[in-house]
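Student: Shown below is the structure under consideration.
The values are calculated or read from the model by the stated rules, or taken from the named source; none is laboratory data. What you see is a predicted model, and the numbers here were worked out from it, not measured in a lab. We work out accessible area using only protein heavy atoms, side chains counted, and drop any ligands, DNA or RNA first. Shrake-Rupley method; radii C 1.70, N 1.55, O 1.52, S 1.80 Å.
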Amino acid sequence: MTETETATLAGGCFWCIEAAFEELDGVEDVTSGYAGGDTDNPTYRQVCSGSTGHAEVVQVEYDPQVVAYEDLLEVFFRIHDPTTKDKQGPDVGSQYRSAVYYHDDEQKAVVERFVHNLQSGGEFDSYENDEIVTEIAPLDTFWRAEEKHQNYYEKNPGDRYCQFHAEPKVKKVREEFGDRTAKNA
């Protein structure tokens, strides 16, 4: 049995990021939650107020023999805009910032190299003219979001917010990473 690893990523509303990562082969589980703040066990309402310092994040539990950390970063940087500070689509505030919370020194080195390559034009997208503002920080504590926020897109496919913001991310993963999606594995 292969041991899984965990990546913690913030790129706007966690409903959207969670739905996109659920598509990937090798992803065992995606959990919505909060990280990067200073309030213990925050609620969704508290985080949305912007007063806790937390970002909406997803924790992606994955099988590194099926999908590499770098692959997760590639998907992450394609499904959100890492050049907008505290904003993704209609969502504005520090809780919607772009961030990678690393779990160990190896993840830190990989994400720093990945962002450097993106910034210098050496990866799939060139951000040579736009500064990447993605926060790279160690994960201190991950707080699981309330149950109603878990698998939100799957449970609420008719939700208009999901139709306008999560669904395009899911479609992008299917189109651009179709060979790596669970449905095509």
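Student: In sequence order, what are the phi-derived ³J(HN,Hα) couplings for the range 37-54 according to the Karplus relation 6.51 cos²θ - 1.76 cosθ + 1.60 with θ = phi - 60°, rounded to whole Hz, with x for glycine and proline?
Tutor: After applying 6.51 cos²θ - 1.76 cosθ + 1.60, I find x, 10, 10, 6, 6, x, 9, 4, 4, 5, 5, 5, 6, x, 8, 9, x, 7 Hz.
Student: For the range 26-185, compute the number of Lys pairs whose alpha carbons are separated by less than 30 Å, excluding pairs fewer than 8 positions apart on the same chain.
Tutor: Step by step, the pairs that qualify in the range 26-185 add up to 26.
Student: While we're on this one: Residue by residue through the range 162-175, what is 3J(HN,Hα) from phi via Karplus (6.51 cos²θ - 1.76 cosθ + 1.60, θ = phi - 60°)? Round to whole Hz and write x for glycine and proline.
Tutor: Once θ is set to phi - 60°, the couplings for the range 162-175 become 5, 4, 8, 10, 7, 4, x, 5, 4, 4, 4, 4, 4, 6 Hz.
Student: Please give the calculated 222 nm ellipticity per residue for the chain, where each DSSP H segment of at least 4 residues contributes -39500 (n - 2.57) and the sum is spread over every residue; nearest 500 deg cm²/dmol?
Tutor: Details: 6 runs with 53 residues, N = 185.
-8000 deg cm²/dmol, from helical runs alone.
Student: Before I look further, what does the range 73-118 give for accessible area per residue, probe 1.4 Å, in whole square angstrom? Each step should come with its number before you reach the end.
Tutor: Details: 1920 Å² over 46 residues.
Each residue of the range 73-118 exposes 42 Å² on average to a 1.4 Å probe.
Student: May I pose another question? What figure, in Å² to the nearest 10, do you get for the accessible area of Cys162 with a 1.4 Å probe and non-protein molecules left out?
Tutor: 0
Student: How would you classify the range 1-80 from its alpha-carbon gyration tensor, with a ≥ b ≥ c the square roots of the eigenvalues: rounded for a/c under 1.5, else prolate if a/b is greater than b/c, otherwise oblate? Please list the in-between numbers first.
Tutor: Working: a/c = 2.59, a/b = 1.90, b/c = 1.36.
Prolate, since a/c reaches 1.5 and a/b exceeds b/c.
Student: Please report the equivalent ellipsoid semi-axes of the range 44-100, computed as sqrt(5 x eigenvalue) of the Cα gyration tensor, largest first, in whole Å. Intermediate values should be presented prior to the final figure.
Tutor: Working: eigenvalues 125, 39, 11 Å².
Working from the Cα gyration tensor, I get semi-axes of 25, 14, 7 Å.
Student: Within the range 5-180, what whole-number % of the accessible surface is contributed by carbon and sulfur, with the 1.4 Å probe and all protein chains included in the calculation? Working shown, then result.
Tutor: Numbers: 3400 of 8240 Å².
The value for the range 5-180 is 41 percent carbon and sulfur by accessible area.
Student: Here are a few candidate values for Cα Rg over 2.2 N^0.38 Å: (i) 0.96; (ii) 1.02; (iii) 1.07. Which one was actually calculated from the structure I just gave you?
Tutor: Step by step, Cα Rg over 2.2 N^0.38 Å for this structure corresponds to label (i).
Student: Report the accessible area of Glu135, computed with a 1.4 Å probe over the heavy atoms of all protein chains in place, in Å² rounded to the nearest 10.
Tutor: Counting only protein heavy atoms, Glu135 exposes about 60 Å² to solvent.
Student: Of the residues Ala145, Ala109, Ala55, which exhibits the maximal mean-square fluctuation in a Gaussian network model of the chain defined by a 10 Å Cα contact cut-off?
Tutor: Maximum among the listed residues: Ala109.
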